[in-house]
1. Can you work out the FRET efficiency for the pair ASP18 and ASP60, with r the C-beta to C-beta distance and R0 = 30 Å, to the nearest 0.05?
2. Against the longest alpha carbon principal axis of the chain, how many degrees, from 0 to 90 and to the nearest 10, is the axis of helix 102-122 turned?
3. For the chain, take the longest principal axis of its alpha carbons; what is the angle in degrees between that and the long axis of helix 44-56, to the nearest 10 within 0 to 90?
4. Against the 2.2 N^0.38 Å scaling, with N counting residues, where does region 81-133 land? I'd like the Cα-based Rg ratio to two decimal places.
5. Quick check for me: using +1 on Lys/Arg Cβ and -1 on Asp/Glu Cβ, what's the dipole size of the chain about its Cα centre, in debye to the nearest 20?
6. Subtracting the Cα-Cα distance from 0.36 nm times the residue separation, let me have the gained length for TRP6 to SER118 in nm, one decimal.
7. Counting residues in the chain as N, plug N into 2.2 N^0.38 Å and put the Cα Rg over that result.
8. Have a look at TYR19, PRO93, ALA83 and report the one farthest towards the positive end of the charge dipole of the chain, computed about the Cα centre with Cβ charges (Lys/Arg +1, Asp/Glu -1).
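Where a number appears in this text, it was derived from the coordinates with a stated rule and is not lab data. All of these numbers come straight from a predicted model, not from anything done at the bench. Here Cβ is always computed from backbone atoms with ideal geometry, including for glycine, and neighbour counts include all displayed protein chains.
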Amino acid sequence: MSYDQWRTDELQGTTQADYVIALDARLRLMDGGITLLEETGFPVVELARSLLAWLEGSADGDFEFESMSYEESGAIRIQQTEAGWVVGSVFAPGLTTAPTDRSGVEEPCRLFVAMVESDLEELGVDPAEVLRR
């Protein structure tokens with residue numbers, strides 16, 4: 001999981017909700033060199049916040065991203081299968097990453113969260129206030 005084309009032009013306020021809703025980017029879910037999902041205007045801050053809660057909380061179970069930006073649940077899904085952990089999306093049915101062990105899923109999630117934290121810091125925003133509150 002990665003993103004680019006970080007957009008801040010819709011940011012109007014300085015509340016946690018403003019940052020979660022107004023900051024978006026082009027999200028890419030890739031497996032090796034294959035793009036499984038590319039979504040513009042994706043709420044990456046909201047995703048990072050949800051991933052962090054999953055990683056630091058009850059990360060034993062599956063993850064299903066429920067966003068205020070989408071009616072559908074599962075824009076990003078992390079599921080344990082018989083073959084291992086896979087990542088996919090409701091927007092790309094039938095496509096998932098190759099199965100991996102738990103650390104193979106957690107590491108990219110932590111890197112994604114760190115990238116969002118870094119971008120928030122560059123905006124002069126305390127990432128803890130946005131992602132951990």
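1. On the way: r = 32 Å, r/R0 = 1.07.
After rounding, the FRET efficiency stands at 0.40.
2. Relative to the chain, helix 102-122 is tipped by roughly 10 degrees.
3. Approximately 60 degrees, to the nearest 10.
4. Values: Rg = 14.7 Å, N = 53, 2.2 N^0.38 = 9.9 Å.
Ratio of Cα Rg to 2.2 N^0.38 Å: 1.48.
5. Working: 9 positive and 26 negative charges, 30 e Å.
The calculation lands at about 140 debye.
6. Values: separation 112, 0.36 × 112 = 40.32 nm, distance 1.19 nm.
39.1 nm is the gain from fully extending TRP6 to SER118.
7. Details: Rg = 14.3 Å, N = 133, 2.2 N^0.38 = 14.1 Å.
Compactness ratio reported: 1.01.
8. Among TYR19, PRO93, ALA83, the one farthest towards the positive end of the dipole of the chain is ALA83.
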